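Here the structure comes first, spelled out in structure tokens, and everything after it is commentary.
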Amino acid sequence: MPPPLPPDAKCTRCRSQATIRLPNHHMNFCPDCFTHFFQTAVHRAMKKYGISRATPLLVAVSGGKDSLALWNVLNQLGHVTRGLHISLGIDDFSEASTAAVDRFAQERSLPWTQYSLKEIFGYDLMEIKRRSRRRICSLCGLLKRQMLNRLTIKEGFQVLVTGHNLDDEAGRLLGNLVYHRSEHLRKQSPFLPTPHGKMPIRFKPLYRLDAQEVRNYCSLQGIHSLEAACPLSRGATSHIFQEALNLLEREMPGTKRQLLYGYLERHPASPSTIPFVPCTICGEPTYEDTCSVCNLRRHLEKNSAKE
Ligand code: SF4
Ligand SMILES: [Zn+2]
Ligand SMILES: [Zn+2]
């Protein structure tokens, strides 16, 4: 949390009473001007990557603050959107996530579609955790990525937008650099063009806004997102990298932006040179004979046979 503002602080944009401090930008804002700042950051991102209001957007919504803030701001900016929610089957947490999406959409009369991981993959996340020793967050990440891609095309959309913010993107970059994950670094970009007709464009319009800015926006807009953290998130390395960057940011404001924007400028995303082939089991595009989703399902089935 940034330190509180002095009582006589003025809004940088309109000179009225400021209530929100943005130390990383050396700016203070009143509520209206902060909302303008937030919308402008998203509008610029859309413009930079050529996403016009005429392009229908499928918004991946988890029920957390980032995805609901994204859905809200895109509607304020006049984009045509539909929400897509995958219930992961993590006991009460997933029920609360779905309820947060439902409430948000109903209050604003926004259309959305709900799927469950069990129905589209055959196992929910708690079953996957019981049947595999692999890190649950990396399996969950893989499934969400693949399923969102497939469902975007199934729902008739070409562009999938997700609520990753600056902290997510800078933390991911730091992790990829530390572990020299060149394949991930190649795709480190807020905008990934479609690599195949059966895969959507993926875009992260909040990549220039940090987690505190998203929190401020949610509170000003009356967005009641799910506050609880996923009970399976303990020990997730992505949080540790984000914490490390928060420490640097406190000592040296602007570090996160410096790291991410500097990298993006010097290293544009590059497409893979490996040709896609259809998965021999499900027919989805993959680099190997069988795709990662079918491989995971086979691994889980084998483990269930041993039980
Ligand atoms: S914390 Fe891990 S298991 Fe929970 S939703 Fe996120 S990626 Fe999935
Ligand atoms: Zn103002
Ligand atoms: Zn497959």
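At a glance:
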| item | result |
| --- | --- |
| Any hit, region 54-67, residues being small (Gly, Ala, Ser) and open to solvent by 60 Å² or more (accessible area, probe 1.4 Å) | yes |
| Members of region 2-35 found to be at pLDDT 90 or above, over 21 Å from Gly222 (Cα atoms) and open to solvent by less than 80 Å² (accessible area, probe 1.4 Å), listed by number | Ala9, Cys11, Thr12, Cys14, Ser16, Met27 |
| Verdict on Arg257 being of a type in the set (Lys, Arg) and touching a residue at least 12 places away in the same chain (Cβ under 8 Å) | yes |
| Those residues of region 135-178 which are in contact with a strand residue (DSSP E or B) (Cβ under 6 Å, 6 or more places away or on another chain) and buried (at least 22 other Cβ atoms within 10 Å of the Cβ), in sequence order | Thr152, Leu160, Val161, Thr162 |
| Yes/no for Arg181 being open to solvent by 60 Å² or more (accessible area, probe 1.4 Å), in the same structural domain as Arg234 (by TED's automatic domain parsing) and out of contact with any Lys or Arg (no Cβ under 6 Å at 6 or more places or on another chain) | yes |
| Number of the condition not met by Ser292 [criteria: (1) closer than 30 Å to Gly89 by Cβ; (2) at pLDDT below 90] | (2) |
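The values are calculated or read from the model by the stated rules, or taken from the named source; none is laboratory data. Computed from a prediction, not measured in an experiment: that's the story for all the values here. Every residue, glycine as well, gets a Cβ built from its backbone with ideal geometry; the counts of neighbours run over all protein chains shown. Protein only, heavy atoms only, side chains kept; ligands, DNA and RNA dropped before computing areas. Shrake-Rupley method; radii C 1.70, N 1.55, O 1.52, S 1.80 Å.
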